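Accompanying notes for the structure given below.
The values are calculated or read from the model by the stated rules, or taken from the named source; none is laboratory data. This structure is a prediction, so every number in the text was calculated from the model and none was measured. Because the Cβ atoms are built from the backbone with ideal geometry, glycine has one as well, and the counts that use them run over all protein chains shown.
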Amino acid sequence: MKIALAQINPTIGDFCGNAQKILDFIRRAEQGNADLVLFPELCVCGYPPADLLEKPAFVARAGQVVEQLAASTARSRTAVICGYVTPAHHGTGKHVMNSAALLRNGHIEFVQSKMLLPFYDVFDEQRYFAPAHKQRLFSLDREHIALTICEDAWNDKSFWENRLYTIDPVEELIRGGASIILNISASPYWRDKRCTRRDMLANIARHHCKPVLMVNQVGGNDSLIFDGSSIAIGPDGNVIAQAASFEEDLIFIDTHSLTGDMHSNAEEEDEAIFRALVLGTRDYVRKCGFSRAIVALSGGIDSALVAAIAVEALGKENVLGVGMPSPYSSRGSIDDSRQLAENLDIRYEIIPISSLFAGYTKALAPIFEGLQPDITEENIQSRVRGNLVMALSNKFNSLVLTTGNKSEMATGYCTLYGDMVGALAVIGDVVKTQVYALCRHLNRERETIPASILEKPPSAELRPGQKDTDSLPPYEVLDPILEAYVERYETPEHISSALGSDIELVRRVVKLVERSEYKRQQAAPVLKVTTKAFGMGRRFPIAVKVQV
């Protein structure tokens, strides 16, 4: 049998656009003489649809679209499997089920629903879906095929030390006589996730001595980035076909000869993170109905990386860089910003804020009489800049991309309604040391990020001679502490022991993280590229007293 994996980028709620994309890929699969083409989980409506699933009209529309897609197969020799939502059975307490339909000969011939509903990190499927109580095989071209949906393949007892579910749908389908295992997924990206996914599927293939084919959604939906990286694995656990990462793709697999297309997919993790951020930025901007972006260029490395990502995502003609020097901005930072804009070939405008800052301080002088300047005056500068970029956003119908990194967001080294102003936190899940690594990666062939930006000590330049290390430990010390505490929930004592860091330093960092929760919950959506990003997958109360 010849099977095609159609790795597409759906938009949530865009039934017409998604249906047309599915039809286009069906035609391409037909031209490639595929017997069967697989599309990702919930591809008809897009994943994750969240509370749209509570709307009966949304669910009904999904069913109508699948009926229309089924009708298109009436004269085709290529069968289709696509993901959509179906009404749940009465008595389940839920409205819908996460389902997949086999479309053939103009009809919906078979429907399978998801059994294992993830409820951790960014996943909240138990909020919406009723689980299937059992699953069945379907037959095609004399093969007995096991059709699973994403999480249904993530509970193999021979791979996971701690399983989340008591049943393994794959194992049960194999006992029923399956000869091929298919999986349609919407599996988000984070660092090293692709390796884990591949190793897990390879283990299933070896354990059951059956080929495993997985098609994965690609594209950005709000904070989540889906890498695609669809794959086919032979019974021996070896990869026999793979799709590209971070772009739409179509690959073909011959299940008899166990051969297929092999497309490159950004093996190096720095390249993968950069491409994920580009994809997430492009889709967030465009799926929100915009085409242009604004980046405040400070002369620092964070804004330089965000600008480079924006250019790659949207095109240089759609990115505006804005320098807003204050009385404390160095000549070097202004020159560095201008050089970066020239390297990226983007429009660059300068709006000095010294007079605006002076106006604020003059207006506040009577109330502040007798008080010494402090962080208040620093934040005023940042908030003046926030107002200016939002004015440009309104005037030019462009989205502002914030430039704060994960180290800053974690410790609260950022200003509400100032540098946190914007529509998307592009690098809000990238610690500072990783920012440097990504910039060096960008510069491997030519100097995109000026060397002077990479070499100078990080500074917010909001007071004379300011350096980040005035307020924070060096980033090479800080970032491992943050990764251990934020991403792995390790205790200060364990972190101190494992890293050899002073326990009081670790506790000081942890206190910064805990007291900054109110800022993070007012931040722009953060593109997720690690196991634990700030946002929908990390839920903590704001008004809380945590013992450190």
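Numerical summary
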item	result
Subset of region 433-475 that is over 30 Å from Gln372 (Cα atoms) and of a type in the set (Ser, Thr, Tyr) - its residue that is surrounded by the most Cβ atoms within 10 Å (Cβ to Cβ)	Thr448
Residue check, Thr78 buried (at least 19 other Cβ atoms within 10 Å of the Cβ) and hydroxyl-bearing (Ser, Thr, Tyr)	yes
Residue match in region 437-451 (condition: among the β-branched types (Val, Ile, Thr) and in contact with a Lys or Arg (Cβ under 9 Å, 6 or more places away or on another chain))	yes
Test: residue in region 334-345 that is at pLDDT 95 or above, part of a loop (DSSP other than H, G, I, E, B) and surrounded by fewer than 19 Cβ atoms within 10 Å (Cβ to Cβ)	yes
Which listed residue, of Ala62, Ala57, Ala34, is at pLDDT 95 or above, of a type in the set (A, V, I, L, M) and not in a helix (DSSP H, G or I)	Ala34
Residues of region 245-292 satisfying the condition of being touching a Ser or Thr at 6+ places or on another chain (Cβ under 6 Å) and at pLDDT 95 or above	Ser245, Lys287, Arg292
Checking Gln126 against (1) part of a strand (DSSP E or B); (2) loosely packed, with under 15 Cβ neighbours inside 10 Å, the condition it does not meet	(1)
Selection from region 1-27 of residues that are assigned to a helix (DSSP H, G or I) and either surrounded by 15 or more Cβ atoms within 10 Å (Cβ to Cβ) or among the polar types (S, T, N, Q) (or both)	Phe15, Asn18, Ala19, Gln20, Lys21, Ile22, Phe25, Ile26
Only one of Leu201, Leu164 that is surrounded by fewer than 18 Cβ atoms within 10 Å (Cβ to Cβ), more than 22 Å from Leu103 (Cα to Cα) and not assigned by TED's automatic domain parsing to the domain that holds Val430	Leu164
Failed item, numbered, when Lys287 is tested on (1) outside the structural domain of Ala186 (by TED's automatic domain parsing); (2) surrounded by 23 or more Cβ atoms within 10 Å (Cβ to Cβ)	(2)
Set Glu312, Glu349: member being at pLDDT 95 or above and either under 28 Å from the mean Cα position of the chain (by Cα) or of a type in the set (S, T, N, Q) (or both)	Glu312
